[in-house]
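The values are calculated or read from the model by the stated rules, or taken from the named source; none is laboratory data. Values in this document were obtained by computation on a predicted structure and should not be read as measured data. Cβ sites come from the backbone with ideal geometry, for glycine too, and all protein chains shown count toward neighbours. These accessible areas exclude ligands, DNA and RNA; they are computed on the full protein's heavy atoms, side chains included. Shrake-Rupley method; radii C 1.70, N 1.55, O 1.52, S 1.80 Å.
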Amino acid sequence: SEKIALLEISGAIMDGESVKRVIDAIERDDKVKALVLRVDSPGGTVTASDYIYHHLSQLTEKKKIPMVV
């Protein structure tokens with residue numbers, strides 16, 4: 001059966017590595033057909049935010065799946 005992945009980011013965005021591990025897991029799962037990204041953050045570093053954005057863009061491009069934020 002097909003799945004929709006839910007990725008929740010909450011709190012200050014200071015490090016993108018933990019989010020990257022989740023993105024990698026979503027990428028490996030062939031049943032994921034869409035991604036919902038929920039962000040509840042007061043902000044964070046530009047570097048970490050860009051890192052997450054870059055990997056999310058690669059994920060949606062590679063898997064050809066829609067992302068809703």
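Sort through Ile13, Ile4 and tell me the only one that's open to solvent by less than 100 Å² (accessible area, probe 1.4 Å) and among the hydrophobic types (A, V, I, L, M, F, W, C).
Working: Ile4 fails: open to solvent by less than 100 Å² (accessible area, probe 1.4 Å).
Of the residues listed, the single one that is open to solvent by less than 100 Å² (accessible area, probe 1.4 Å) and among the hydrophobic types (A, V, I, L, M, F, W, C) is Ile13.
For (1) surrounded by fewer than 14 Cβ atoms within 10 Å (Cβ to Cβ); (2) out of contact with any strand residue (DSSP E or B) (no Cβ under 8 Å at 6 or more places or on another chain); (3) not in a strand (DSSP E or B), each residue gets a yes or a no:
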| position | (1), (2), (3) |
| --- | --- |
| Ile23 | no, no, yes |
| Asp30 | yes, yes, yes |
| Arg38 | yes, no, no |
| Gln58 | yes, yes, yes |
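Can you pull out every residue in region 42-53 that is over 11 Å from Val19 (Cβ atoms) and either within 12 Å of the chain's Cα centre (by Cα) or among the aromatic types (Phe, Trp, Tyr) (or both)?
Listed by number, the list holds a single entry, Asp50.
Got a sec? Which of Val39, Val22 is within 9 Å of the chain's Cα centre (by Cα) and closer than 16 Å to Met67 by Cα?
So the residue among Val39, Val22 that is within 9 Å of the chain's Cα centre (by Cα) and closer than 16 Å to Met67 by Cα is Val22.
Here's a check for you: in region 42-56, which residue that is over 17 Å from Val69 (Cα atoms) and among the β-branched types (Val, Ile, Thr) is surrounded by the fewest Cβ atoms within 10 Å (Cβ to Cβ)? Don't jump to the end; show me each part of the working.
Going residue by residue through region 42-56, those that are over 17 Å from Val69 (Cα atoms) are 44-48.
So of that shortlist, the ones also among the β-branched types (Val, Ile, Thr) come out as 45-47.
Details: Thr45: 13, Val46: 9, Thr47: 12.
Step by step, filter region 42-56, then rank; the result is Val46.
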